[in-house]
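See below for the structure under consideration.
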Amino acid sequence: VSKALKAMIRTIDIDRRLVPVSGTEIRKDPFAARAYLSDVVYRDLVVNVTFLGGPSTGKSTLAEHLARQLSTTWMPEYGREYWDQHQIDRRLTPAQLVEIARGHLVREEALLLKARNVLFTDTNVLTTRIFSYHYHGMAEPELEAMASQLAGRYDLYFLCATDIPYDHTFDRSGDANREIMQKQVIADLHCRKIPYLTLRGSVAERASKVIDTLASFKKFTNFWGH
């Protein structure tokens, strides 16, 4: 290039002493090179994995388990925390469900910057929208818009099956509702043409399938096309 432009070659820090990193090193392990990457670049290099499924399908347990196994972080379901603090007679208003979607996204964005190459996200705005329809038969326009805009923000979708015992807790409304909501989740994924993999069996079996999938997954490629 210098010859073509008849310019003088000036190399800077050729031995990489001032900035001891290279593009090759960054690509090898972005987390190790985190200090040399801007937030906007790093968050796009993190593989964002989300787990969907009806209530009590093992999403939280699996996300936390995988985060420990891979020495990264995970995004707990913000809706559960919000519900504990704001529910009245076990219900939230449609407007409050919008607040859940907003709050979840803010926390998720912050955790993308701390994750070690992969973030495991327990549910997303699609689940919040399904809860809104399940209890109110509608969703606020903002929630609908968020569901449409954010559906593609996740690199991998995993559906947790209902083949594990139902855990009866105060914040849940029964095994029958779990099956109904599971069908609603699946229908929504199909309707939006979102590819997903179903996880069945024990926590170890589910985690193994996720790790095997991550091993062959390459971000920014057409993973589902081969």
### Query
Under the condition of being over 22 Å from PRO30 (Cβ atoms) and not in a helix (DSSP H, G or I), which residue from the range 101-148 is farthest from the chain's Cα centre (by Cα)?
GLY137
### Message
Out of the residues in the range 183-198 meeting the condition of being assigned to a helix (DSSP H, G or I) and among the charged types (D, E, K, R), tell me which one is least open to solvent (accessible area, probe 1.4 Å).
### Response
ASP188
### Query
When both residues are 6+ apart or on different chains and their Cβ atoms are under 8 Å apart, which pairs have a first residue that lies in the range 14-40 and is charged (D, E, K, R), and a second that is open to solvent by 70 Å² or more (accessible area, probe 1.4 Å) and outside any helix (DSSP H, G or I)?
GLU25/ALA32
### Task
Check whether at least one residue in the range 83-101 is among the aromatic types (Phe, Trp, Tyr) and closer than 24 Å to ILE186 by Cα, and report yes or no.
yes
### Query
Any residue in the range 38-57 that is open to solvent by 70 Å² or more (accessible area, probe 1.4 Å) and not acidic (Asp, Glu)?
yes
### Task
Have a look at ALA145, ALA115, ALA110, ALA161 and point out the one that is among the small types (Gly, Ala, Ser) and surrounded by 18 or more Cβ atoms within 10 Å (Cβ to Cβ).
ALA115
## Note on the structure
When the range 1-26 is checked residue by residue, the ones that are among the small types (Gly, Ala, Ser), assigned to a helix (DSSP H, G or I) and open to solvent by less than 60 Å² (accessible area, probe 1.4 Å) are SER2, GLY23
### Query
Among (1) under 23 Å from GLU205 (Cβ atoms); (2) part of a loop (DSSP other than H, G, I, E, B); (3) open to solvent by 10 Å² or more (accessible area, probe 1.4 Å), where does HIS65 come up short?
(2)
### Task
Answer with yes or no whether ASP29 is open to solvent by 50 Å² or more (accessible area, probe 1.4 Å), among the charged types (D, E, K, R) and at pLDDT 90 or above.
no
## Note on the structure
Among GLY79, GLY103, GLY137, the single one that is of a type in the set (Gly, Ala, Ser) and free of Cβ contacts under 8 Å to residues at least 24 places away in the same chain is GLY137
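The values are calculated or read from the model by the stated rules, or taken from the named source; none is laboratory data. What you see is a predicted model; the values in this text were computed from it and never measured. When we count neighbours, we look across all protein chains shown, and the Cβ atoms used for this are built from the backbone with ideal geometry, even at glycine. Accessible surface is based on the protein model in full, side chains and every heavy atom, while ligands, DNA and RNA are left aside. Shrake-Rupley method; radii C 1.70, N 1.55, O 1.52, S 1.80 Å.
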